[in-house]
1. Is there a residue in the range 82-95 that is in a loop (DSSP other than H, G, I, E, B) and touching a residue at least 60 places away in the same chain (Cβ under 8 Å)?
2. Kindly indicate which of L108, L76 is farther than 19 Å from A296 by Cα and either touching a Cys at 6+ places or on another chain (Cβ under 6 Å) or modelled with pLDDT under 95 (or both).
3. Looking at the structure I just gave you, is R155 farther than 30 Å from V70 by Cβ, assigned by TED's automatic domain parsing to the domain that holds L283 and basic (K, R)?
4. Inside the range 47-80, can you point out the residues that are in contact (Cβ under 8 Å) with a residue 60 or more places away in the chain and buried (at least 20 other Cβ atoms within 10 Å of the Cβ)?
5. Which one of these is outside any loop (DSSP other than H, G, I, E, B) and within 19 Å of the chain's Cα centre (by Cα): S252, S308, S327?
6. Just to be sure before I move on: is A167 more than 29 Å from the chain's Cα centre (by Cα), surrounded by fewer than 18 Cβ atoms within 10 Å (Cβ to Cβ) and touching a residue at least 24 places away in the same chain (Cβ under 8 Å) in the structure I sent?
7. Which one of L283, L270, L274 is in the same structural domain as V219 (by TED's automatic domain parsing), within 14 Å of A231 (Cα to Cα), free of Cβ contacts under 8 Å to residues at least 40 places away in the same chain and of a type outside the set (S, T, Y)?
8. If L91 satisfies every condition in (1) modelled with pLDDT of 95 or more; (2) closer than 30 Å to D250 by Cα; (3) not β-branched (V, I, T) but one, which is the exception?
Amino acid sequence: MARADMAEASETAEGDRGQGPRLRHSGSRARRAFARWGGEGMWRRGWIIAVIAVLLGLALILHSEVPNAVGNLGSLWETFLPWGGVLIPVLLLLAVLRRSATALIALLLPVLVWMNLFAGQVTDKSGTGGDLTVVTHNVNAENQDLAGTARGLIRSGADVVALEEIASGKAGSYELHLDGTFPYHKVVGTVGVWSKYPMKDAKSVDIKMGWPRAMRATVETPKGDVAVYAAHLPSVRVQFRSGFTAGQRDDSATALGEAIKHEKADRIVLLGDLNGTMNDRALAPVTAQMRSTQGAAGDGFGFSWPASFPMARIDQIMVKGLEPVSSWTLGATGSDHLPVAASVKL
């Protein structure tokens, strides 16, 4: 027994001696890799990148605090807010090239903020079914393919369609192509609503523009009445001297919000080109009262403008007293906007 114990102890000692160099070798390799990547200097390098990363994170999380006093920069930033995330991989690449641990840690702030703001929009939240399908489309006054545009809207399977920017003299063409599928319609100024179900109480809504660019009608669906608003808020411009000019749009948003606030119907659908995103504080008079179908039941961001390379969702479908089921973007027509659609439960 004594010789056996001694042999076992000898084998154990040899095993320990065999592992020792391997552990030291492994640790040495880690130290060499650490030294090659950055060494102690990795905490001192990349401070400029780190500061930019922190500022980006703050601009994302405090976007409503970015002032509009100079060129409406706050609203401009909020219009393209999701695209702020494009800066993250750029900063990540710079941090890696600079071999800066400080910059990499600082990047966690914008990454976490962006994920908190927009990760839910990247996923598919759409369901199936729904009692009412609606579509809104800025058809563009310069659109030359009216028939093709109408066919695309009909193929959507919509029950109610709202059109914005109907050029003078072209309403008749849309009536010609759409009335066979949507027997009830009303055009007010440059906006119109077409419906498969009877409509009543159609009238203009004053959004402080001097000519009609918004309307309201009651659609009598098989499951009860729904108040449908169609609106085209004033365009915004990005100019060198004046910045992001959106004053008239903002005033019209306030007027539209007041009209919706005083709406007596329990179920409301707003369809239109609002020339602003759900993040834009200037649309708060409207967005604070209503729910975006894309945000609640969409697949992705649902960008609608410009049609050639969509970068923002300025065409909106919002509801009140209704449950969004799904929301999506339709294929391109002859317009510079993409049509957007949604299905809701009544």
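The values are calculated or read from the model by the stated rules, or taken from the named source; none is laboratory data. Here the structure is a predicted model, which is why all the values come from computation and not from measurement. Here Cβ is always computed from backbone atoms with ideal geometry, including for glycine, and neighbour counts include all displayed protein chains.
1. Residues of the range 82-95 that are in a loop (DSSP other than H, G, I, E, B), as a first pass: none.
Looking for residues that are in a loop (DSSP other than H, G, I, E, B) and touching a residue at least 60 places away in the same chain (Cβ under 8 Å), one finds none in the range 82-95, hence no.
2. Values: L108 fails: either touching a Cys at 6+ places or on another chain (Cβ under 6 Å) or modelled with pLDDT under 95 (or both).
L76 is the lone residue from the list that is farther than 19 Å from A296 by Cα and either touching a Cys at 6+ places or on another chain (Cβ under 6 Å) or modelled with pLDDT under 95 (or both).
3. On the way: farther than 30 Å from V70 by Cβ: yes; assigned by TED's automatic domain parsing to the domain that holds L283: yes; basic (K, R): yes.
So R155 passes the test.
4. Passing the criteria: N72, G74, S75, E78, T79.
5. Working: S252 fails: within 19 Å of the chain's Cα centre (by Cα); S308 fails: outside any loop (DSSP other than H, G, I, E, B).
Selected residue: S327, the only one of S252, S308, S327 that is outside any loop (DSSP other than H, G, I, E, B) and within 19 Å of the chain's Cα centre (by Cα).
6. Details: more than 29 Å from the chain's Cα centre (by Cα): no; surrounded by fewer than 18 Cβ atoms within 10 Å (Cβ to Cβ): yes; touching a residue at least 24 places away in the same chain (Cβ under 8 Å): yes.
No; evaluated as a whole, the condition is false for this residue.
7. On the way: L270 fails: free of Cβ contacts under 8 Å to residues at least 40 places away in the same chain; L274 fails: free of Cβ contacts under 8 Å to residues at least 40 places away in the same chain.
Just a single option satisfies the conditions, and that option is L283.
8. Just one mismatch for L91, condition (2).
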